[in-house]
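Trainee: Structure provided below as C-alpha coordinates; questions to follow.
The values are calculated or read from the model by the stated rules, or taken from the named source; none is laboratory data. A quick note: this is a predicted structure, and the numbers were derived from the prediction, not measured. Note that each Cβ is placed from the backbone with ideal geometry, even for glycine, and that neighbours are counted across all protein chains shown. SASA here: full protein model, heavy atoms, side chains in, ligands and nucleic acids out. Shrake-Rupley method; radii C 1.70, N 1.55, O 1.52, S 1.80 Å.
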Amino acid sequence: MGRRRPSDAELHERRRDKIRKCWRVGMLAVLFALLGFLFMCLFELYYGHTGGSPYAHLRGSCDHVAPISPVEFEERQTNLSKLLVDFKAAAYIAEPGINMQYFTDIQWSQSERPFLLVIQAKKDQTDTVLTKTTIVVPAFEASRARQKLLPGTSYAIKTWQEGASAYKVVREVIETPWAGTDPNDEEEEGDDEILHKKPKKETESIFIDTDMRQFVAAGLADALGNSARKVEIANHNIGLLRMQKSAHEIEILRCVSETTVNVIRAVKDQIHVGARESEVQAMMTQAFKESGLSYEAGGSLVLFGKDAALPHGKGNDTKLEKGMMVLIDTGARLHGYLSDITRTFWVRRGHSKEMNEELDKVWETVKKAQIAALEAIKPGAACNSIDKAAREVISEQGYGARFTHRLGHGLGMEGHEEPYLNSGNTDTALKPGMVFTNEPGIYVEGSYGIRLEDVVLVTETGYEILSGNLATSPTEP
(Lines give C-alpha, C1' and ligand atoms only; values in the text may rest on other atoms or scores of the structure.)
Protein backbone atom coordinates (compact mmCIF):
# COMPACT_ATOMS: atom_id res chain seq x y z
CA MET A 1 0.00 0.00 0.00
CA GLY A 2 1.18 3.52 -0.73
CA ARG A 3 1.47 6.28 1.88
CA ARG A 4 -1.60 8.42 2.41
CA ARG A 5 -1.25 11.89 1.13
CA PRO A 6 -1.70 14.50 3.93
CA SER A 7 -4.78 16.56 3.72
CA ASP A 8 -4.65 20.26 3.12
CA ALA A 9 -5.59 20.87 6.76
CA GLU A 10 -2.68 18.74 7.98
CA LEU A 11 -0.24 20.50 5.69
CA HIS A 12 -1.51 23.83 6.90
CA GLU A 13 -1.07 22.77 10.54
CA ARG A 14 2.49 21.57 9.89
CA ARG A 15 3.37 24.91 8.35
CA ARG A 16 1.94 26.66 11.40
CA ASP A 17 4.07 24.45 13.69
CA LYS A 18 7.21 25.36 11.75
CA ILE A 19 6.33 29.03 11.94
CA ARG A 20 5.74 28.78 15.70
CA LYS A 21 9.10 27.02 16.18
CA CYS A 22 10.90 29.64 14.13
CA TRP A 23 9.16 32.36 16.11
CA ARG A 24 10.22 30.76 19.41
CA VAL A 25 13.81 30.40 18.21
CA GLY A 26 13.78 33.99 17.02
CA MET A 27 12.39 35.27 20.29
CA LEU A 28 14.98 33.29 22.24
CA ALA A 29 17.69 34.77 20.05
CA VAL A 30 16.35 38.26 20.64
CA LEU A 31 16.10 37.58 24.39
CA PHE A 32 19.71 36.35 24.57
CA ALA A 33 20.80 39.36 22.56
CA LEU A 34 19.01 41.68 24.98
CA LEU A 35 20.53 39.89 27.97
CA GLY A 36 23.96 40.15 26.38
CA PHE A 37 23.42 43.84 25.74
CA LEU A 38 22.28 44.36 29.32
CA PHE A 39 25.33 42.50 30.62
CA MET A 40 27.63 44.64 28.48
CA CYS A 41 25.94 47.78 29.77
CA LEU A 42 26.40 46.69 33.36
CA PHE A 43 30.00 45.74 32.67
CA GLU A 44 30.60 49.15 31.13
CA LEU A 45 28.87 50.86 34.02
CA TYR A 46 30.94 49.17 36.71
CA TYR A 47 34.16 48.29 34.95
CA GLY A 48 34.26 49.98 31.58
CA HIS A 49 35.74 53.19 32.96
CA THR A 50 38.01 51.46 35.49
CA GLY A 51 39.93 49.04 33.35
CA GLY A 52 38.39 46.19 35.38
CA SER A 53 40.37 47.05 38.50
CA PRO A 54 38.64 46.87 41.89
CA TYR A 55 40.94 49.67 43.04
CA ALA A 56 40.39 52.13 40.21
CA HIS A 57 38.16 54.33 42.37
CA LEU A 58 41.30 55.14 44.38
CA ARG A 59 43.02 56.79 41.44
CA GLY A 60 43.87 60.45 41.86
CA SER A 61 42.81 60.51 45.51
CA CYS A 62 45.39 63.15 46.44
CA ASP A 63 46.07 64.78 43.09
CA HIS A 64 44.61 68.02 44.44
CA VAL A 65 47.18 68.24 47.26
CA ALA A 66 50.35 70.20 46.45
CA PRO A 67 53.79 69.57 47.99
CA ILE A 68 55.33 71.94 50.51
CA SER A 69 56.19 75.22 48.77
CA PRO A 70 59.55 77.05 48.84
CA VAL A 71 57.81 79.83 50.77
CA GLU A 72 56.95 77.43 53.60
CA PHE A 73 60.56 76.25 53.82
CA GLU A 74 61.59 79.91 54.24
CA GLU A 75 58.96 80.30 56.96
CA ARG A 76 60.38 77.28 58.76
CA GLN A 77 63.85 78.83 58.76
CA THR A 78 62.41 82.12 60.00
CA ASN A 79 60.65 80.34 62.86
CA LEU A 80 63.91 78.59 63.72
CA SER A 81 65.81 81.90 63.62
CA LYS A 82 63.37 83.47 66.07
CA LEU A 83 64.02 80.65 68.52
CA LEU A 84 67.78 80.96 68.07
CA VAL A 85 67.57 84.66 68.94
CA ASP A 86 65.34 83.95 71.94
CA PHE A 87 67.83 81.40 73.30
CA LYS A 88 70.89 83.50 72.43
CA ALA A 89 72.22 80.92 70.01
CA ALA A 90 74.51 81.94 67.18
CA ALA A 91 73.61 79.07 64.88
CA TYR A 92 71.89 75.76 64.36
CA ILE A 93 73.87 73.00 62.62
CA ALA A 94 72.45 69.80 61.17
CA GLU A 95 73.65 66.83 59.16
CA PRO A 96 71.73 65.20 56.30
CA GLY A 97 68.58 63.70 57.69
CA ILE A 98 64.98 64.48 58.42
CA ASN A 99 65.65 67.85 60.07
CA MET A 100 67.83 69.14 57.24
CA GLN A 101 65.09 68.08 54.86
CA TYR A 102 62.45 69.78 57.01
CA PHE A 103 64.21 73.14 56.90
CA THR A 104 65.60 73.08 53.34
CA ASP A 105 64.07 70.16 51.37
CA ILE A 106 67.65 68.95 50.80
CA GLN A 107 67.96 65.16 50.81
CA TRP A 108 71.53 63.88 51.04
CA SER A 109 73.05 60.61 52.19
CA GLN A 110 75.31 60.67 55.22
CA SER A 111 78.90 59.52 54.80
CA GLU A 112 82.23 59.93 56.55
CA ARG A 113 82.56 63.31 54.79
CA PRO A 114 80.66 66.01 56.72
CA PHE A 115 77.88 67.74 54.80
CA LEU A 116 76.43 70.40 57.08
CA LEU A 117 73.58 72.88 57.20
CA VAL A 118 74.36 76.06 59.14
CA ILE A 119 71.49 78.44 59.92
CA GLN A 120 72.46 81.69 61.63
CA ALA A 121 70.13 84.25 63.15
CA LYS A 122 70.25 87.70 64.68
CA LYS A 123 68.25 90.90 64.97
CA ASP A 124 69.04 94.01 62.97
CA GLN A 125 68.77 97.57 64.27
CA THR A 126 64.98 97.47 63.80
CA ASP A 127 64.66 94.26 65.80
CA THR A 128 63.84 92.29 62.66
CA VAL A 129 65.15 88.72 62.85
CA LEU A 130 67.56 87.98 60.01
CA THR A 131 68.46 84.52 58.72
CA LYS A 132 71.56 83.33 56.90
CA THR A 133 71.69 79.78 55.54
CA THR A 134 74.90 78.09 54.47
CA ILE A 135 75.66 74.61 53.20
CA VAL A 136 79.15 73.30 53.98
CA VAL A 137 79.97 70.61 51.45
CA PRO A 138 82.98 68.64 50.11
CA ALA A 139 84.41 70.67 47.21
CA PHE A 140 83.91 67.91 44.64
CA GLU A 141 80.22 67.73 45.58
CA ALA A 142 79.51 71.46 45.27
CA SER A 143 77.82 71.31 41.87
CA ARG A 144 75.58 68.43 42.92
CA ALA A 145 74.70 70.28 46.13
CA ARG A 146 73.61 73.35 44.14
CA GLN A 147 71.23 71.16 42.17
CA LYS A 148 69.49 70.25 45.44
CA LEU A 149 68.64 73.86 46.33
CA LEU A 150 65.05 75.01 45.99
CA PRO A 151 64.36 77.55 43.22
CA GLY A 152 64.74 81.10 44.42
CA THR A 153 66.79 80.28 47.51
CA SER A 154 69.90 82.22 48.36
CA TYR A 155 71.83 79.69 50.39
CA ALA A 156 75.57 80.10 50.42
CA ILE A 157 77.71 77.10 49.45
CA LYS A 158 81.02 76.79 51.29
CA THR A 159 83.39 74.02 50.37
CA TRP A 160 86.21 72.13 52.01
CA GLN A 161 88.96 70.20 50.25
CA GLU A 162 89.87 66.58 50.90
CA GLY A 163 92.46 66.55 53.65
CA ALA A 164 91.20 69.83 55.14
CA SER A 165 88.73 70.33 57.99
CA ALA A 166 85.03 70.82 57.33
CA TYR A 167 84.65 71.97 60.92
CA LYS A 168 87.04 74.88 60.48
CA VAL A 169 84.98 75.99 57.50
CA VAL A 170 81.91 75.95 59.75
CA ARG A 171 83.75 78.12 62.24
CA GLU A 172 84.69 80.53 59.50
CA VAL A 173 81.06 80.71 58.39
CA ILE A 174 79.88 81.49 61.92
CA GLU A 175 82.58 84.05 62.64
CA THR A 176 82.49 85.89 59.32
CA PRO A 177 80.51 89.17 59.64
CA TRP A 178 77.34 89.39 57.60
CA ALA A 179 74.65 91.99 56.95
CA GLY A 180 73.76 93.83 60.10
CA THR A 181 76.96 93.05 62.03
CA ASP A 182 78.04 95.71 64.43
CA PRO A 183 80.76 97.68 62.56
CA ASN A 184 82.68 98.06 65.81
CA ASP A 185 83.37 94.32 65.82
CA GLU A 186 86.93 93.96 64.60
CA GLU A 187 88.74 90.97 63.20
CA GLU A 188 92.27 90.04 64.04
CA GLU A 189 94.59 87.90 61.99
CA GLY A 190 94.78 84.25 62.92
CA ASP A 191 96.21 81.24 61.12
CA ASP A 192 96.18 80.97 57.34
CA GLU A 193 92.95 78.98 57.22
CA ILE A 194 90.66 81.14 59.32
CA LEU A 195 90.10 84.62 60.76
CA HIS A 196 89.21 84.78 64.43
CA LYS A 197 86.87 87.41 65.79
CA LYS A 198 87.47 88.92 69.18
CA PRO A 199 85.45 87.03 71.76
CA LYS A 200 82.17 88.59 72.71
CA LYS A 201 81.47 89.48 76.29
CA GLU A 202 78.44 87.20 76.48
CA THR A 203 78.86 83.55 75.60
CA GLU A 204 76.60 82.35 72.82
CA SER A 205 75.43 78.84 72.08
CA ILE A 206 75.71 76.83 68.90
CA PHE A 207 72.88 74.35 68.70
CA ILE A 208 73.58 71.03 67.02
CA ASP A 209 70.80 68.79 65.77
CA THR A 210 69.62 66.11 68.16
CA ASP A 211 70.33 63.40 65.56
CA MET A 212 73.89 64.49 64.81
CA ARG A 213 76.49 61.70 64.85
CA GLN A 214 78.95 61.76 67.73
CA PHE A 215 82.11 62.17 65.66
CA VAL A 216 80.63 65.19 63.83
CA ALA A 217 79.52 66.78 67.09
CA ALA A 218 82.99 66.20 68.55
CA GLY A 219 84.64 67.75 65.47
CA LEU A 220 82.50 70.85 65.77
CA ALA A 221 83.14 71.15 69.52
CA ASP A 222 86.87 70.89 68.92
CA ALA A 223 86.92 73.48 66.12
CA LEU A 224 84.76 75.95 68.03
CA GLY A 225 86.27 75.31 71.45
CA ASN A 226 88.43 78.40 71.48
CA SER A 227 85.61 80.76 70.56
CA ALA A 228 83.27 82.49 72.93
CA ARG A 229 80.56 80.02 72.15
CA LYS A 230 79.56 76.61 73.44
CA VAL A 231 78.29 73.69 71.40
CA GLU A 232 75.18 72.05 72.82
CA ILE A 233 72.24 69.88 71.78
CA ALA A 234 69.42 71.91 70.28
CA ASN A 235 66.79 73.20 72.69
CA HIS A 236 63.62 71.10 72.96
CA ASN A 237 61.58 74.00 71.57
CA ILE A 238 63.25 73.53 68.21
CA GLY A 239 61.84 70.02 68.11
CA LEU A 240 58.37 71.51 68.62
CA LEU A 241 58.67 73.20 65.23
CA ARG A 242 58.34 69.81 63.56
CA MET A 243 55.87 68.44 66.09
CA GLN A 244 53.34 71.23 65.46
CA LYS A 245 52.25 70.82 61.86
CA SER A 246 51.32 73.69 59.58
CA ALA A 247 47.96 73.86 57.78
CA HIS A 248 49.59 72.55 54.61
CA GLU A 249 51.26 69.66 56.40
CA ILE A 250 47.91 68.76 57.96
CA GLU A 251 46.25 68.78 54.53
CA ILE A 252 48.86 66.34 53.24
CA LEU A 253 48.57 64.09 56.29
CA ARG A 254 44.78 64.11 56.09
CA CYS A 255 44.74 62.99 52.46
CA VAL A 256 47.42 60.32 52.77
CA SER A 257 45.70 58.92 55.89
CA GLU A 258 42.18 58.89 54.45
CA THR A 259 43.42 57.27 51.26
CA THR A 260 45.25 54.59 53.23
CA VAL A 261 42.03 53.71 55.05
CA ASN A 262 40.25 53.50 51.69
CA VAL A 263 42.98 51.20 50.37
CA ILE A 264 42.46 48.80 53.28
CA ARG A 265 38.70 48.83 52.76
CA ALA A 266 39.07 48.17 49.03
CA VAL A 267 41.45 45.28 49.65
CA LYS A 268 39.20 43.85 52.36
CA ASP A 269 36.47 43.39 49.75
CA GLN A 270 38.82 41.23 47.67
CA ILE A 271 40.02 38.90 50.42
CA HIS A 272 38.51 35.43 50.49
CA VAL A 273 38.88 32.32 52.59
CA GLY A 274 41.87 30.41 51.23
CA ALA A 275 43.91 33.50 50.35
CA ARG A 276 47.46 33.67 51.71
CA GLU A 277 49.07 36.58 53.54
CA SER A 278 51.41 37.11 50.57
CA GLU A 279 48.43 37.39 48.22
CA VAL A 280 46.93 40.13 50.35
CA GLN A 281 50.33 41.84 50.39
CA ALA A 282 50.19 41.85 46.60
CA MET A 283 46.67 43.30 46.72
CA MET A 284 47.91 46.11 48.97
CA THR A 285 50.75 46.88 46.58
CA GLN A 286 48.36 47.05 43.63
CA ALA A 287 45.83 49.20 45.50
CA PHE A 288 48.47 51.69 46.64
CA LYS A 289 49.91 51.82 43.14
CA GLU A 290 46.52 52.77 41.75
CA SER A 291 45.98 55.34 44.50
CA GLY A 292 49.06 57.27 43.41
CA LEU A 293 50.68 57.26 46.85
CA SER A 294 54.32 56.28 47.25
CA TYR A 295 54.49 52.79 48.68
CA GLU A 296 57.19 50.17 49.04
CA ALA A 297 55.98 46.83 47.71
CA GLY A 298 55.36 44.42 50.57
CA GLY A 299 55.44 47.27 53.06
CA SER A 300 52.35 46.21 55.01
CA LEU A 301 51.93 43.92 57.96
CA VAL A 302 49.37 41.36 56.82
CA LEU A 303 48.69 38.85 59.59
CA PHE A 304 46.04 36.15 59.85
CA GLY A 305 44.78 34.58 63.06
CA LYS A 306 47.50 33.80 65.58
CA ASP A 307 50.16 35.49 63.42
CA ALA A 308 48.66 38.81 64.60
CA ALA A 309 49.43 37.96 68.24
CA LEU A 310 52.90 39.44 67.68
CA PRO A 311 52.30 43.21 67.22
CA HIS A 312 55.11 43.52 64.68
CA GLY A 313 55.09 39.93 63.46
CA LYS A 314 56.11 39.09 59.92
CA GLY A 315 53.64 36.26 59.44
CA ASN A 316 54.13 32.80 57.98
CA ASP A 317 52.28 33.22 54.69
CA THR A 318 49.35 31.64 56.45
CA LYS A 319 46.30 30.60 54.45
CA LEU A 320 43.13 32.32 55.65
CA GLU A 321 40.58 30.02 57.23
CA LYS A 322 37.12 30.60 58.65
CA GLY A 323 37.42 31.90 62.20
CA MET A 324 40.66 33.81 61.56
CA MET A 325 40.65 37.58 61.83
CA VAL A 326 42.81 39.64 59.43
CA LEU A 327 45.12 42.39 60.71
CA ILE A 328 46.54 44.89 58.21
CA ASP A 329 48.97 47.55 59.44
CA THR A 330 50.11 49.77 56.62
CA GLY A 331 51.21 53.21 55.47
CA ALA A 332 52.25 55.15 52.42
CA ARG A 333 53.87 58.48 51.63
CA LEU A 334 52.62 61.70 50.04
CA HIS A 335 54.99 64.61 49.41
CA GLY A 336 57.32 63.26 52.10
CA TYR A 337 54.64 62.68 54.75
CA LEU A 338 53.53 59.27 56.02
CA SER A 339 50.32 57.55 57.01
CA ASP A 340 50.06 54.71 59.54
CA ILE A 341 46.77 52.83 59.76
CA THR A 342 45.75 49.46 61.23
CA ARG A 343 42.51 47.56 60.83
CA THR A 344 41.51 44.14 62.17
CA PHE A 345 38.43 42.48 60.72
CA TRP A 346 36.51 39.35 59.87
CA VAL A 347 36.34 37.86 56.40
CA ARG A 348 34.38 34.82 57.58
CA ARG A 349 33.54 33.88 61.15
CA GLY A 350 34.31 30.36 62.31
CA HIS A 351 32.15 27.51 63.53
CA SER A 352 32.96 28.11 67.21
CA LYS A 353 30.34 30.46 68.60
CA GLU A 354 32.37 30.87 71.78
CA MET A 355 35.49 31.96 69.89
CA ASN A 356 33.54 34.27 67.60
CA GLU A 357 32.01 35.98 70.63
CA GLU A 358 35.40 36.27 72.32
CA LEU A 359 36.97 37.96 69.28
CA ASP A 360 33.99 40.28 68.86
CA LYS A 361 34.22 41.26 72.53
CA VAL A 362 37.95 41.98 72.26
CA TRP A 363 37.43 44.01 69.09
CA GLU A 364 34.78 46.13 70.79
CA THR A 365 37.05 46.61 73.80
CA VAL A 366 39.86 47.89 71.59
CA LYS A 367 37.43 50.24 69.83
CA LYS A 368 36.18 51.60 73.18
CA ALA A 369 39.80 52.14 74.27
CA GLN A 370 40.46 54.08 71.09
CA ILE A 371 37.42 56.29 71.74
CA ALA A 372 38.43 56.84 75.38
CA ALA A 373 41.85 58.04 74.21
CA LEU A 374 40.22 60.44 71.75
CA GLU A 375 38.03 61.90 74.46
CA ALA A 376 41.11 62.61 76.59
CA ILE A 377 42.88 64.61 73.86
CA LYS A 378 43.01 68.36 74.38
CA PRO A 379 45.71 71.04 74.39
CA GLY A 380 47.74 70.89 77.57
CA ALA A 381 47.05 67.23 78.32
CA ALA A 382 50.16 65.19 79.09
CA CYS A 383 50.99 62.43 76.61
CA ASN A 384 50.88 59.79 79.33
CA SER A 385 47.29 60.73 80.21
CA ILE A 386 46.08 59.73 76.73
CA ASP A 387 47.81 56.37 77.03
CA LYS A 388 46.28 55.94 80.47
CA ALA A 389 42.74 56.62 79.23
CA ALA A 390 42.93 53.79 76.68
CA ARG A 391 44.73 51.42 79.01
CA GLU A 392 42.11 51.76 81.73
CA VAL A 393 39.35 50.61 79.38
CA ILE A 394 41.31 47.52 78.38
CA SER A 395 42.29 46.75 81.97
CA GLU A 396 38.68 46.98 83.16
CA GLN A 397 37.80 44.16 80.75
CA GLY A 398 40.61 41.99 82.12
CA TYR A 399 43.03 42.39 79.20
CA GLY A 400 45.43 44.91 80.75
CA ALA A 401 48.45 42.62 80.50
CA ARG A 402 47.59 41.96 76.84
CA PHE A 403 48.04 45.60 75.82
CA THR A 404 51.79 45.33 75.48
CA HIS A 405 52.90 48.54 73.73
CA ARG A 406 52.43 52.31 73.98
CA LEU A 407 49.26 53.90 72.69
CA GLY A 408 50.84 55.86 69.88
CA HIS A 409 53.60 57.93 68.33
CA GLY A 410 54.01 61.16 66.42
CA LEU A 411 53.62 61.03 62.66
CA GLY A 412 54.85 63.28 59.89
CA MET A 413 57.98 63.11 57.78
CA GLU A 414 58.95 60.07 59.82
CA GLY A 415 56.78 57.08 60.64
CA HIS A 416 57.74 57.29 64.30
CA GLU A 417 58.58 60.71 65.72
CA GLU A 418 57.71 62.87 68.71
CA PRO A 419 55.45 63.08 70.59
CA TYR A 420 55.31 59.56 72.01
CA LEU A 421 52.16 58.55 73.88
CA ASN A 422 53.37 56.20 76.59
CA SER A 423 52.93 55.88 80.32
CA GLY A 424 56.29 57.49 81.09
CA ASN A 425 55.93 60.63 78.97
CA THR A 426 54.75 63.04 81.62
CA ASP A 427 56.81 65.97 80.32
CA THR A 428 55.33 66.51 76.86
CA ALA A 429 52.05 68.41 76.83
CA LEU A 430 49.85 68.26 73.77
CA LYS A 431 49.75 71.38 71.60
CA PRO A 432 47.54 72.29 68.63
CA GLY A 433 49.07 70.98 65.42
CA MET A 434 50.53 67.83 66.91
CA VAL A 435 49.73 64.68 64.92
CA PHE A 436 50.04 61.15 66.27
CA THR A 437 48.60 57.66 66.07
CA ASN A 438 45.97 56.20 68.39
CA GLU A 439 46.49 52.42 68.29
CA PRO A 440 45.40 50.32 71.24
CA GLY A 441 45.66 46.56 70.88
CA ILE A 442 45.10 43.25 72.67
CA TYR A 443 47.31 40.25 71.93
CA VAL A 444 47.03 36.62 73.04
CA GLU A 445 50.05 34.68 71.80
CA GLY A 446 49.20 31.51 69.99
CA SER A 447 45.64 32.66 69.40
CA TYR A 448 44.95 36.16 68.05
CA GLY A 449 45.86 39.83 68.00
CA ILE A 450 43.53 42.80 67.48
CA ARG A 451 44.66 46.39 66.92
CA LEU A 452 42.93 49.49 65.57
CA GLU A 453 45.00 52.50 64.53
CA ASP A 454 44.02 55.94 63.31
CA VAL A 455 45.79 59.26 62.85
CA VAL A 456 44.76 62.14 65.11
CA LEU A 457 45.36 65.90 65.06
CA VAL A 458 45.29 68.05 68.21
CA THR A 459 43.12 71.11 67.55
CA GLU A 460 42.54 74.29 69.57
CA THR A 461 39.53 72.68 71.24
CA GLY A 462 40.20 68.95 71.09
CA TYR A 463 40.98 66.67 68.19
CA GLU A 464 40.30 65.74 64.57
CA ILE A 465 40.61 62.22 63.17
CA LEU A 466 42.75 62.83 60.10
CA SER A 467 42.15 59.29 58.83
CA GLY A 468 38.40 59.90 58.58
CA ASN A 469 35.84 57.55 60.08
CA LEU A 470 36.89 54.98 62.64
CA ALA A 471 36.25 51.31 61.95
CA THR A 472 32.56 50.69 62.66
CA SER A 473 32.48 46.95 63.39
CA PRO A 474 34.57 43.77 63.15
CA THR A 475 33.21 43.32 59.62
CA GLU A 476 33.37 46.98 58.54
CA PRO A 477 36.90 48.34 58.88
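Trainee: Over the stretch 361-460, what number does the Rg to Rh ratio reach, with both radii from the alpha-carbon atoms and Rh per Kirkwood?
Mentor: Values: Rg = 13.0 Å, Rh = 13.4 Å.
Taking Rg over the Kirkwood Rh, I get 0.97.
Trainee: Would you mind checking the tilt of helix 214-224 against the longest principal axis of the Cα atoms of the chain, expressed as 0 to 90 degrees and rounded to 10?
Mentor: Roughly 30 degrees, rounded to the nearest 10.
Trainee: Per-residue accessible area for V85 at 1.4 Å probe radius, Å² rounded to 10?
Mentor: 30 Å²
Trainee: Sticking with this structure for a sec: Take the alpha-carbon centre of the stretch 345-402, take the same for the stretch 280-301, and report the distance between them in whole Å.
Mentor: Between the Cα centre of the stretch 345-402 and that of the stretch 280-301, the gap is 28 Å.
Trainee: Could I have the simple spin-label model distance between W178 and F32, label points 7 Å from Cα toward Cβ, reported in nm to one decimal?
Mentor: 8.2 nm
Trainee: At q = 0.09 Å⁻¹, what log₁₀ I(q)/I(0) does a Debye calculation on the Cα points of the stretch 298-425 give, no solvent, two decimals?
Mentor: -0.31
Trainee: Continuing with the same structure: Give the Cα extents of the stretch 237-284 along the principal axes, in whole Å, largest first.
Mentor: Extents along the principal axes: 52, 18, 12 Å.
Trainee: Give me Rg over Rh for the stretch 127-172, both radii from the alpha carbons and Rh done the Kirkwood way, two decimal places.
Mentor: Working: Rg = 12.3 Å, Rh = 11.8 Å.
Using only Cα positions, Rg/Rh for the stretch 127-172 is 1.05.
Trainee: Further question: How far is the Cα center of the stretch 408-427 from the Cα center of the stretch 106-155, in Å?
Mentor: So the separation of the two Cα centres works out to 29 Å.
Trainee: Could you compute Rg(Cα) / (2.2 N^0.38 Å) for the stretch 53-163, with N its residue count? Each step should come with its number before you reach the end.
Mentor: Values: Rg = 17.5 Å, N = 111, 2.2 N^0.38 = 13.2 Å.
With N residues counted in the stretch 53-163, Rg over 2.2 N^0.38 Å equals 1.33.
Trainee: Now for a different question. With unit charges on the beta carbon (Lys/Arg positive, Asp/Glu negative), name the residue among V366, A381, V456 whose Cα is farthest towards the positive pole of the charge dipole of the stretch 345-477.
Mentor: Farthest towards the positive pole: V366.
Trainee: Something else now. On a 0 to 90° scale, report how tilted helix 166-175 is relative to the longest principal axis of the chain, with both axes built from alpha carbons and the result rounded to the nearest 10.
Mentor: That works out to roughly 70 degrees.
Trainee: If you don't mind, another one. Cα-based Rg (one decimal) and Dmax (whole number) for the chain, in Å?
Mentor: Looking at the chain, its Cα Rg and Dmax stand at 32.7, 144 Å.
Trainee: So, one more: Please grab the % of Cα pairs in the stretch 307-376 that end up more than 17 Å from each other. Before the final figure, lay out each step's value.
Mentor: Values: 1372 of 2415 pairs.
The share of Cα pairs beyond 17 Å in the stretch 307-376 comes to 57 percent.
Trainee: Which trypsin sites (Lys or Arg not before Pro) in the stretch 66-138 pass both tests, a DSSP loop state and at most 13 other beta-carbon atoms within 10 Å?
Mentor: K88
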